[in-house]
1. Under a 1.4 Å probe, what is the accessible area of the chain per residue, stated in Å²?
2. Just round it to a whole percent: the fraction of Cα-Cα distances in segment 119-180 exceeding 19 Å.
3. What's the ranking of 7-13, 243-249 by average number of surrounding C-beta atoms within 10 Å, highest first?
4. Filter the GluC sites (Glu not before Pro) in segment 17-106 to those in DSSP coil with at most 15 other Cβ atoms within 10 Å of their Cβ, and list the result.
5. Just how large is the dipole of the chain about the Cα centre, in debye to the nearest 20, putting +1 at every Lys and Arg Cβ and -1 at every Asp and Glu Cβ?
6. Can you spot the lysines whose alpha carbon is less than 23 Å from residue 185's alpha carbon? Ignore those fewer than 8 places along the same chain.
7. With +1 on the Cβ of every Lys and Arg and -1 on the Cβ of every Asp and Glu, and nothing else charged, how large is the dipole of segment 215-288 about its Cα centre, in debye rounded to the nearest 20?
8. Any of 12/111; 35/186; 111/186 with alpha carbons more than 31 Å apart? Name them for me.
Amino acid sequence: MDLDDICATLVKVAREAGEMILLADPSVDTSLTKKNTSDRVTATDRAVENMARQRLMDQYPDFEFLGEETFKVGQELTDAPTFVVDPIDGTLNFIHGFPNTAISLALTVAKQPVVGIVYNPFRKDLFSAIYGRGATLERANGTTATLPLRRNPAPLSGLNDCLVAIEWGSERKGPNWELRTSVSKKLLSADGAMVHSVRSSGSAALDFCYVAAGWMDVFWEGGCWIWDVAAGWLILEEAGGLVAGANPGEWTPTLEGRSYLGVRGAAAGQRVVVEQLWGHMNGQKFRF
Ligand code: IPD
C-alpha cells in the first residue's frame, strides 16, 4: 500500500472540501437538528461527505468508508483499510461563522490510523501525518514545519501548568454530563488542579492538532466519535504525544472507545499528567 499516494489523495480531497466550506453560506445553509439543538448537520456537511466518498471510492474501490453523515448504527470499524471521514468537524462553529472548523480524513488499517489529515480552510492550516514518519503543519504562507513546533518543549511538571482542551459535546444531561462538569470545575478551581485554563475550540480534531503543535498541553473528552479523532490521534502520536482514554486506567484506548485523552509530545511527564487528570474523576467513568 502506497501511503504517500494515499496521503496526497487525502490532501487533495481536503483542499476541495475546504473550497466547498468557504463557498457555503451557513446563514442560508439548511441546518437540521440530530439528537438535540446542539447536535446539528448542514447541507454542506452532507455535500462534503458525498464528494469525499466519491473521490476516495473511485480511486480506492476496495477500501471501506466510514463517514459521520452516512454512519449507520451497528456499522463497525474492521481490519480492512478504511477511510474515516468527518466532513465538517466543528459544525456548530461553521453554523455560527466561528472559523475553527476542519475536515478530518484518516485511513485506518487493522483499526489503527496510518494516514491522517486535518484541514482548517479558514486559516489554511493543514495538519498531516503518516504512521512512523512524523507529523507536519503546512500554513497559509506555504511553509511546512514538523510538529511539535517548539524545538525544546518544556517538560510537563504537572497538570497545574497545563492549558487543557475540554469539549462539551451535545450530551447535556445524565451521568456523563455530571462527570464532565464536575471534572472541569475541579481542573479550574483553586481547591483542585488549578490548571492554567481550559479551552473549548469546538472541534475535537483541531484540539488534537493543537496539542500536537504544542499550543495546548492536554485534550480530554468523553463522547466524541471515531471520525472526530482518527486523524488527530495519529497526528498527535506522530508528534511524540501520548494518547490514552479519558477514563481512569485506559492506557490502551481504542479508536471506537469514544473517550480520549491526549498529552503533548516530546515532553517528559506525560504519564504523570494523565494520572493526575484521572485522579480528578474520583473513580467515575464515562459510559456509552
Ligand atoms: C463535534 C466536535 C465537538 C465535540 C463533539 C463532536 P462535529 O464534532 O468535535 O468539539 O465536542 O463531541 O462530535 O459534530 O462538529 O463533527
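1. Per-residue accessible area for the chain comes out at 44 Å².
2. More than 19 Å apart: 60 percent of the Cα pairs in segment 119-180.
3. Result, highest mean first: 243-249, 7-13.
4. When the GluC sites (Glu not before Pro) of segment 17-106 are filtered for loop state and at most 15 Cβ neighbours within 10 Å, 76 remain.
5. It comes to approximately 780 debye.
6. Here the lysines satisfying the reach criterion relative to residue 185 are 173, 285.
7. In total the dipole reaches around 200 debye.
8. Over 31 Å Cα-Cα: 111/186.
The values are calculated or read from the model by the stated rules, or taken from the named source; none is laboratory data. Small disclaimer: the values here were computed from a predicted structure and weren't measured. All Cβ positions, glycine included, derive from the backbone under ideal geometry; neighbour counts span all protein chains shown. All accessible areas refer to the heavy atoms of the entire protein, side chains included, with ligands and DNA or RNA removed. Shrake-Rupley method; radii C 1.70, N 1.55, O 1.52, S 1.80 Å.
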